[in-house]
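The values are calculated or read from the model by the stated rules, or taken from the named source; none is laboratory data. A quick note: this is a predicted structure, and the numbers were derived from the prediction, not measured. Glycine gets a Cβ as well: all are built from the backbone with ideal geometry, and neighbour counts include every protein chain shown.
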Amino acid sequence: MSSNEQIKFRTGVYFIPSLGIIKSPDSTQKLNLSEQNILAYLITNHHRPVTKDELLKVGWPDRIVTEASLFQVIRALRVKLQENSKGDVIETLPRVGYQIIQFEKREYQQKLAPSGKPKTQPNKSWFFLAFLLLVAAVGLGSYQWLNQYKKPEQINYLTKTEARGNNTLTIIATNKQDLNDLISKLDHAFLEHKKNFNPSKIQNIKAFAYKGEGLYSLAWCRVDNNQVCLPHSDFSYAIEYDDWDNFSHFLASEVKSTREDPIIQTELAREPTSQVFVNYVDGSGVQSKVVHHYISYDDSGNINYSNMSFITEKDTEYHHALSIRAATLSIVDNHSPFLATAELKPEMFHWAYQPSDIIVEEKSTALMTEQRMRDNFKTKHIVYSYLLYQQPYLDLVFYPNTGIYWVHNSVMTSELFKNKHYTPRSK
């Protein structure tokens, strides 16, 4: 493609190949290398259907990946291209592949700085300064933002709870096929574990597992005789489809019994209202993610909710700033099979991640799930999260884009789920 052209799609967004970005009137989004290569290939070959095998080779020229990876990229592109209906830009051709037909090529002239050189992206190292300005940024223009929300229908989730000896397992999915697939995979991992350990190390566990689009997620804790989670026995994992075998091996051979609290010292940030710890087994160099939650109320009783995310390098335990985001949260009528439903209205997202030689971005589930969240914020999509389990100082929350995770609260009952609209009920 020419370095001075841009592609306009029927959704009104532009792809600028020379910069690897997608622009719309209200946002600019950087595509990762696989997204750039696949989108450019579909445009270049717009005159014909492009097979999945072609796109797998184009998107990952030096790796062998499954169609699940391609599905994730196509899904991410649909969001960034702001498709209102599936196929608005990228058409799916059953049993063949994909094709882009409708677009316009236009001239693109990159603006020059006074020195005559192209403008560069601003340095994002001012992460904590952005946090200090968060409240002001959220307040400015909030009225215009609120009137542009896109509110999707809530998804109908299926659940199934089963006993495995003195363990309990709850499976979550959107269809019976995924439900049964996840049960089968976990049963296989449990059997392999019992071959390696006699007696089994998986004892007195309360576990929850989810299979979504391209993502598995598991969270568990060890419980006492009253089925209450024991301190520092809780774990949360997010796994892409391609990484299940590695994770299954981990379950079979390396089950941990206690979790250590990571320490993040930040001079400019106050102590969080709550914390989340998520682990990864994906070969990317990212071992875990830590999220600090900050909660307050506005004059209407709605919850102002901001997060600071950090990713941890494997072995070094060095923490990279990942993102800042802010939203308004409220408890809504609960039509789910879970304890409660919260509605999240996105207000602000700042991407603070800086590349590292240690991190392989293409393999990182942490970056993938965070980018999904960023896309929802950029396109102003309302999303829902669900309360699965609650005890003093501890909640188990299901957020479909990132999975299932434990929330460690600084107060006995979380600020979110003691909202006046929520009345606890037993399952």
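Computed values, structure above
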item: Selection status of Val360, crowded, with 20+ Cβ neighbours inside 10 Å, more than 25 Å from Pro25 (Cα to Cα) and of a type outside the set (Gly, Ala, Ser); result: no
item: Among (1) at pLDDT below 90; (2) touching a strand residue (DSSP E or B) at 6+ places or on another chain (Cβ under 8 Å); (3) buried (at least 17 other Cβ atoms within 10 Å of the Cβ) - the single one Tyr318 does not satisfy; result: (3)
item: Ala76 being modelled with pLDDT under 90, part of a helix (DSSP H, G or I), touching an Asp or Glu at 6+ places or on another chain (Cβ under 7 Å) and within 26 Å of Asn4 (Cα to Cα); result: yes
item: Among residues of the stretch 27-59, those that are assigned to a loop (DSSP other than H, G, I, E, B), farther than 18 Å from Pro17 by Cα and hydrophobic (A, V, I, L, M, F, W, C), counted; result: 0
item: 1 or more residues more than 16 Å from Gly403 (Cβ to Cβ), in the same structural domain as Tyr405 (by TED's automatic domain parsing) and among the small types (Gly, Ala, Ser): qualifying strands (runs of 3 or more DSSP E) within the stretch 189-281; result: 274-279
item: Residue within the stretch 189-210 that is modelled with pLDDT of 95 or more and hydroxyl-bearing (Ser, Thr, Tyr) present; result: yes
item: Residue under evaluation Gln390, criteria (1) modelled with pLDDT under 85; (2) assigned to a strand (DSSP E or B); (3) over 21 Å from the mean Cα position of the chain (by Cα), criterion not met; result: (1)
